[in-house]
Amino acid sequence: MPATAVLRSYPGPVDILLWLVPTLAVTLGAMAWVGWLGRDGRGEVDRDVAVRRLARALEKDLPRAEPVTRARERSTGIAVRPTRDAS
C-alpha cells in the first residue's frame with residue numbers, strides 16, 4: 001500500500017469546516033464595526049459645555065426618598081426567640 005493512501009483515508013475533499021466561514025466573516029465584521037464606533041474623537045464635548053452641564057446637574061434638588069414600610073412576614077408557626085444583647 002502506498003504511503004499517500006494511508007495519509008488520505010477519505011476520498012475527495014473534506015468540506016466539513018466550511019460552516020465556519022460565514023461565522024468568521026460575521027465575527028470579523030462585528031469587531032470592525034465596534035472598533036469603528038469606539039474610536040477616539042466621537043462624542044467629544046467642549047470643556048465649557050461640560051462644566052455648565054455639571055453645574056446644572058449639581059444644582060438640581062433630588063427628590064426625598066420616602067421611608068419604606070416593610071410588610072409583616074407571614075407566620076410560619078415556628079417560634080423564634082429574639083437574640084439577647086451581649087452587653
Hits in the range 47-87 - residues which are in a loop (DSSP other than H, G, I, E, B) and acidic (Asp, Glu): Asp61, Glu66, Glu73, Asp85
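Residues checked against (1) of a type in the set (A, V, I, L, M); (2) modelled with pLDDT of 80 or more:
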residue	(1), (2)
Thr4	no, no
Val14	yes, no
Leu24	yes, yes
Leu54	yes, yes
Glu73	no, no
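The values are calculated or read from the model by the stated rules, or taken from the named source; none is laboratory data. What you see is a predicted model, and the numbers here were worked out from it, not measured in a lab.
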